[in-house]
Structure formats: C-alpha cells, structure tokens
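Asker: Quick one: the structure is below, questions incoming.
The values are calculated or read from the model by the stated rules, or taken from the named source; none is laboratory data. This one's a predicted model, so the numbers in the text were calculated from it and none came from an experiment. Using ideal geometry, Cβ is built from the backbone for each residue, glycine included, and neighbour counts are taken over all protein chains shown. Just the protein is used for accessible areas: all its heavy atoms, side chains included, with ligands, DNA and RNA removed. Shrake-Rupley method; radii C 1.70, N 1.55, O 1.52, S 1.80 Å.
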Amino acid sequence: MSRTKTSLLAALALLSGTSAAALVSAPAGAVTAAAPCTVDYKVQNQWDTGFTTAVTITNNGPAKSGWSLTWSYAGNQRIGNGWNAKVSQSGSSVTAANESYNGTLPSGGSASFGFQASYSGSNAVPATFTLDGVACNIAGGPTDPGPTDPGPTDPGPTDPGPGGPKAANPYVGAKVYVNPDWSAKAAAEPGGSRISNQPTAVWLDRIAAIGGVNGGMGLRAHLDEALKQKGSGELVVQLVIYDLPGRDCAALASNGELGPNDLDKYKSQYIDPITSILSDAKYAGLRIATVIEPDSLPNLVTNAGGTNTTTDACVTMKSNGNYEKGVSYALDKLGALANVYNYIDAGHHGWLGWESNLGPSVQEFYKVATTNGASVGDVAGFIVNTANYSPVKEPNFKVTDMVNGQTIRQAKWIDWNQYVDEQSFALGLRDKLVAAGFDSGLGMLIDTSRNGWGGSARPTGPGPTTSVDSYVNGGRIDLRLHAGNWCNQSGAGIGQRPTAAPATGVDAYVWVKPPGESDGNSAAVPNDEGKGFDRMCDPTYGGNARNGNNPTGALPNAPLAGHWFPAQFQQLMQNAYPPLS
C-alpha cells in the first residue's frame, strides 16, 4: 500500500521524549474511602526541559456540578497548555477548573485532564491536592521519578453520550467492531479461529461498497450489526474512507474507480451518502473512527515533482488540487458528526521519516485541515503504517546508536532516516503537528495487522558491531529487502493485537488492513474494480527507485487488492509476534 521516499540528506540525531509516572495515593495504612477525593497524578512523558502530565480526580463525596483542583509545586515547574480543564498558574500555585462539558462529578465519579509544562532541575510530584477547598490524598511516593520509557496514556474523559463532546480517546473504555465478513473468512482457515474474533476495519473502497458488493455487507448492515455487538457499553466502528479521484497516484494495484477530475462525483455519490447514513439517529451511540484516504496526501509530498519517484499521475493530482479538496470535504462533512473521529493517513516512517519529507508533510496536513471548509477541530488524529509492514518498535537498536564511532543512520537500511520504527515516528510526527497548530490532544493510531515479524527468522538481539550495516541488518526484525517494499511481503507476521491507549499520545494499535486480504495481484488480472497490475506485487520484478532497485519480496499467486489470499493469511499467523496460542 504505502511507498517509501529516500533521502541522503543527513540530519541531526533524533531527540526522543522520555516519560515518568507518579501516583498520588493515601499514606500507608490510610483508608482511601474516607478521603473526600483522590487524585491520580501521572507524569507521562518527561524530557530534559519539560513534561506532560495526566491527572484524574475521583469524587468520594456528594455530587458536584463544578470543580476546581489546586496544588503547588516545590520546584520551578511552569504550566504551558492544558486540555480538558482550564489550567492556570500563579507563582508556584496551580488551579485546574472544569470545562463546561465535564463539570458534573457525581459521587464516585471521575474526571481527567492533562497539561504540558516546563521545568529544570528536579520535577517533584506535588505533595498535596485540594478539591474545592478540601484536601485530597497526600502523596507518599518518591519525587522526580526521572526518564523512562513511555507508559500507557491517560484515558481522558469518556464520551458523555450522543450529541455531547467527543471522547478524548474513542478507543478507551470501548469494544471495537468485529467485521463478520472478515471474521467468517478467517475462521474458515485452518487455525484462523485464533484471531477471527479480532476487530478489523471496514474498507469503503468504491461507491458500490456503501451498499455492499460481492455478497458482502453494506455500510448500514455493518452499523446495524455494530449496534448488536455494542450492547450497553461503548463500541468503535472503524471505516476506511478510500475512493479519492485519481486514487493512489504512485501505484497501480490500488487504483480506484474515479478519474482525476471526478471530485463532484466523489462528494455527491461517495462522501455525502456515507455522511447521510452515519447521521442516522439510530447510530448516534456508536463511535465511528474513520481512516481518511490512505496514501493520498503523502503522495503529494514525495511523488508529485522534482524527484526520481515523481509520477505523472501524482503531478496531475497536485496540480488540480482534488486530493486536497476531497480530503478537506471528507473532514468537514464527517467531522461535523458528534460521534465521528477522523484520522488522516500519514504514511509510515520509511516514507516520510526524513526531515525533507516530514516538514512538508506537516505543512500539507495543516493546509488540508484548514481549507475548503475543514478545520483542525475535524481531526481527531492521524494514522501511520496503514496496510504496511513497519514494526511498532525495533527492539535491538535505536536511531541514536553508534558503531565504531559512526551513527547507524548511515546504514544502508536506515539511509539517514530520523526514525527506525513506527511508534517513534508517530510520536515525532505528533509533536510537529501540535506545534503546527493541531489540537494538543491529538491521538495517533498505528496499524499493527502485519508488522509482527515473528517466526524462527526473528533476531533475538543486536547484530555484530563490525559495521553499521552488520549491526542494523543483524538486529532488525523487519526482514523486508527494503523499507519501500509494500506488497504482500514474504516473511511478514501478525503484529500487536488491537489495544487501546498503548502509549502516551497513541490512541490505539489497530488492525486497519484485515490480515489475509491481498495488497495487489502478482500478475495482470482483468477486473471491473479499476485495479491495475503493479510490478511491485510481482515477485520476479527487480525493483525501481522507490525501493532502491531491490527485488520486491512479494508473495506469488496473489489475487486483486482486497481479495482473500489464503497463503498470505497462513504465513501471517505462522509468523505472528506475539505468537498465537
């Protein structure tokens, strides 16, 4: 699905944030229930000069219609921006007051908020907290926990219901929809029942898919089934919005039905009908997470002019503006619905991970989110690695590692990229997006459906230190021949299972690409879906500039993109990491 764009431009080493966590709790032996309130204060992400914090207050007393929490710092901490509360500071004293939508705090109820702050020296956890003038629990733990790996993100406030403000993270406290069409195919495969109950996204990859194609369920049928799966709790339905004019201009396997100038048709026959169905009051209790147009905006950055990866089709789409106008229109129409959460596709680290690509990508994303009727408020977050194979984390090396005095960024595999895996890329991108003007509560999704890279070939430690290439190639779990290889990759395995809030700033690990659905046909196949034959899906092809002229690493005998591919499904289960039980 997603392609790479390499760069030989050396850049400064990546400065990655670290984090720490501290829990405010009652002193040993105290009876927590007797306290009128409790406070959970977590330092989530800490670096040399700053930190982010998540705070949850629980009201153990009578119900409140508004609240105000105060505390003081012993050090020089200074609050910057906050979210889900009005956070102010005077000297060392800080006050966090409720927003209009989260002031109601019943007995036993909780509210969550967060903020970013600066500091120098130590970052001691506040010793006391006061809720509406009454002291809560007193901290009894150590201060200044220091840097560590990012921990789970604070869930934030939950969705108060249809028509109310949106959840800070729609995945927290919610089940995720299991697509019966995919589940049945998976369960029918030997061993497939081990994962057939996992949630996967529904791809609306053509106009006809809204009503259902080839005997499959249409959008309304999926939503009706989602209401059954929801029960009395919360449930997220994941939809891939994927039918732009001139779709996927840098490849052929996933080309679409609409021509480069069919913007009006995209609006009136695709986005508008989807919006109309989602607007039905019967579905207002569902949380709808939309993945907006995979591959589109990244292609405008890397493949639309001036490089050896430029294609005429991408030049056309940049010139006519229909990718930008189409994405803006989708954000505007879908984002206006109270229960819809839009996530814009942002490629992957092996595509946009160089600063020469990342900076322009952020500018492109912000442009699209602030023009043609769209606003940053229409964007819940971004998704990386959609239908791709890049690992969440490379466990055996970091981008800052040195071998014999040389940075590993000059290894052929890394090629001066600023990132080596998807989580570091997602969080680095998030920081830049927030700095550019996106909401500070922006959430990231990572598609983990096929990036596990387990099996007997998975390295168990770093490579030899004889050279940067030996060190990287001997330790990397991503076994592709090149990070630009994207089609039906040999050796790939299922990755992390779908998980809500796995790390600070990451809303969820998700399975957007349903395991077992082909990336593209390995030989030409006549079809009425507008899908062509891309040589990157041909296992005999020697490659091109986008993959460093390496073999494709694609599996043979693959069907059209989106069609069921049993051999791939079996391989993915065999190489799953964590392994399947």
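Asker: Antiparallel DSSP bridges in the chain: what percent, to the nearest 5?
Answerer: Among the beta bridges of the chain, antiparallel pairing accounts for roughly 65 percent.
Asker: With the Cα gyration tensor of the range 192-236 giving a ≥ b ≥ c as the square roots of its eigenvalues, does the rule (a/c under 1.5 for rounded; else a/b larger than b/c for prolate; else oblate) give rounded, prolate or oblate?
Answerer: In terms of gyration-tensor shape, oblate.
Asker: Using amide H atoms built 1.01 Å from N in the peptide plane, name the residues 5+ places from Phe129, or on other chains, whose amide H lies under 5 Å from its own.
Answerer: Amide H to amide H, under 5 Å and 5 or more residues apart or across chains, Phe129 pairs with Cys136.
Asker: Right, next: For a quick protection proxy, order the peptides 350-357, 205-212, 490-497, 109-116 by their average other-Cβ count within 10 Å, most packed first.
Answerer: Final packing ranking: 350-357, 490-497, 109-116, 205-212.
Asker: Where a ≥ b ≥ c are the square roots of the eigenvalues of the C-alpha gyration tensor, would you call the range 489-540 rounded, which needs a/c under 1.5, or, failing that, prolate if a/b is larger than b/c, or oblate?
Answerer: prolate
Asker: According to a simple spin-label model (label point 7 Å from Cα along Cα-to-Cβ), what is the distance in nm between Ile277 and Ser319?
Answerer: 3.5 nm
Asker: Just order 311-321, 272-282 by mean Cβ neighbour count inside 10 Å, highest at the front, would you?
Answerer: Ranked from most to least packed, the peptides come out as 311-321, 272-282.
Asker: Moving on to the next point. Short version: ³J(HN,Hα) in whole Hz for each residue of the range 293-298, in order, from phi by Karplus 6.51 cos²θ - 1.76 cosθ + 1.60 (θ = phi - 60°), x for Gly and Pro, what are they?
Answerer: Per residue, the Karplus-derived 3J(HN,Hα) values read 6, x, 6, 6, 5, x Hz.
Asker: With N denoting the number of residues in the range 447-501, provide Rg(C-alpha) divided by 2.2 N^0.38 Å, to two decimal places.
Answerer: Details: Rg = 12.8 Å, N = 55, 2.2 N^0.38 = 10.1 Å.
This ratio for the range 447-501 stands at 1.27.
Asker: Please turn the phi angles of the range 68-83 into ³J(HN,Hα) values with the Karplus equation 6.51 cos²θ - 1.76 cosθ + 1.60 (θ = phi - 60°), one per residue in order, whole Hz, x for glycine and proline.
Answerer: Residue by residue, the range 68-83 yields 8, 10, 10, 7, 10, 9, 7, x, 9, 4, 10, 6, x, 9, x, 9 Hz.
Asker: Can you list residues whose amide H is under 5 Å from Cys37's amide H, if they're 5+ apart or on another chain and H is modeled 1.01 Å from N?
Answerer: Residues meeting the criterion, in which the H sits 1.01 Å from N, are Asn60, Asn137.
Asker: Pairing the Cα long axis of helix 219-230 with the longest principal axis of the chain, what angle in degrees results, from 0 to 90 and rounded to the nearest 10?
Answerer: The answer is roughly 40 degrees.
Asker: Show the residues, 5+ positions off or on another chain, whose built amide H is closer than 5 Å to the amide H of Gln238.
Answerer: Those qualifying (amide H under 5 Å, at least 5 residues apart or on another chain) are Tyr177, Val202, Ala289.
Asker: Using a simple charge model, +1 on the beta-carbon of Lys and Arg, -1 on the beta-carbon of Asp and Glu, nothing else, what dipole does the chain show about its Cα centre, in debye to the nearest 20? Don't skip to the answer; put the middle values down first.
Answerer: Working: 38 positive and 47 negative charges, 99 e Å.
Taking the Cα centre of the chain as origin, the dipole is about 480 debye.
Asker: At 0.36 nm per residue, and after removing the present C-alpha to C-alpha distance, how many nm does the segment from Ser107 to Ala187 gain when stretched out fully?
Answerer: So the extension gain works out to 24.3 nm.
Asker: Here's another thing I want to ask about it. Going down the table (Lys166/Lys228; Lys166/Lys513; Lys86/Lys367), which pairs top 31 Å between alpha carbons? Each step should come with its number before you reach the end.
Answerer: On the way: Lys166/Lys228 22 Å; Lys166/Lys513 25 Å; Lys86/Lys367 28 Å.
Violating the 31 Å limit, Cα to Cα: no pairs.
Asker: Roughly speaking, to the nearest percent, how much of the chain's 1.4 Å accessible area is carbon and sulfur? The partial results should precede the final answer.
Answerer: Numbers: 11180 of 21380 Å².
For the chain, the apolar C and S fraction of the accessible surface comes to 52 percent.
Asker: Quote to one decimal, in nm, the extra length available between Arg220 and Asn549 on full extension: 0.36 nm per residue of separation minus the C-alpha distance between them.
Answerer: Extra length from Arg220 to Asn549 when fully extended: 114.0 nm.
Asker: Take each of the peptides 455-462, 254-261, average the number of other beta-carbon atoms within 10 Å over its residues, and list them starting from the highest. Don't skip to the answer; put the middle values down first.
Answerer: Working: 455-462: 12.4, 254-261: 18.5.
In descending order of packing, they fall as 254-261, 455-462.
Asker: From the gyration tensor of the Cα coordinates in the range 516-556, what semi-axes in whole Å does the equivalent ellipsoid have, largest first, with each one equal to sqrt(5λ)?
Answerer: Equivalent ellipsoid semi-axes, largest first: 20, 11, 9 Å.
Asker: Rounded to whole Hz and in sequence order, give me ³J(HN,Hα) for the range 308-315 from the Karplus expression 6.51 cos²θ - 1.76 cosθ + 1.60, θ = phi - 60°, writing x for Gly and Pro.
Answerer: Residue by residue, the range 308-315 yields 6, 9, 5, 10, 4, 5, 5, 4 Hz.
Asker: Given a Förster distance of 51 Å, report the FRET efficiency between Ser88 and Ser467 from their Cβ-Cβ distance, rounded to the nearest 0.05. Walk me through the numbers before you get to the answer.
Answerer: On the way: r = 54 Å, r/R0 = 1.07.
With R0 = 51 Å, the Cβ-Cβ based efficiency is 0.40.
Asker: Here is a follow-up. Starting from the 7 Å offset along Cα-to-Cβ, what nm value, one decimal, do you get for the label separation of Lys412 and Ser65?
Answerer: About 7.1 nm, to one decimal.
Asker: Take every Cα pair under 8 Å in the range 174-302 that's 6+ residues apart, average their separations, divide by the length, and report that relative contact order as a whole percent.
Answerer: 26 percent
Asker: Does the range 230-340 classify as rounded, prolate or oblate by the C-alpha gyration tensor (a ≥ b ≥ c root eigenvalues; a/c under 1.5 gives rounded; else a/b over b/c gives prolate, otherwise oblate)? Please list the in-between numbers first.
Answerer: Working: a/c = 2.87, a/b = 2.18, b/c = 1.31.
Prolate, since a/c reaches 1.5 and a/b exceeds b/c.
Asker: Against the longest principal axis of the chain, how steep is helix 355-369, in degrees 0 to 90 to the nearest 10, with axes from Cα atoms?
Answerer: Between helix and principal axis, roughly 80 degrees.
Asker: Using the heavy atoms of the protein chains alone and a 1.4 angstrom probe, what is the accessible area of the chain per residue in square angstrom?
Answerer: 37 Å²
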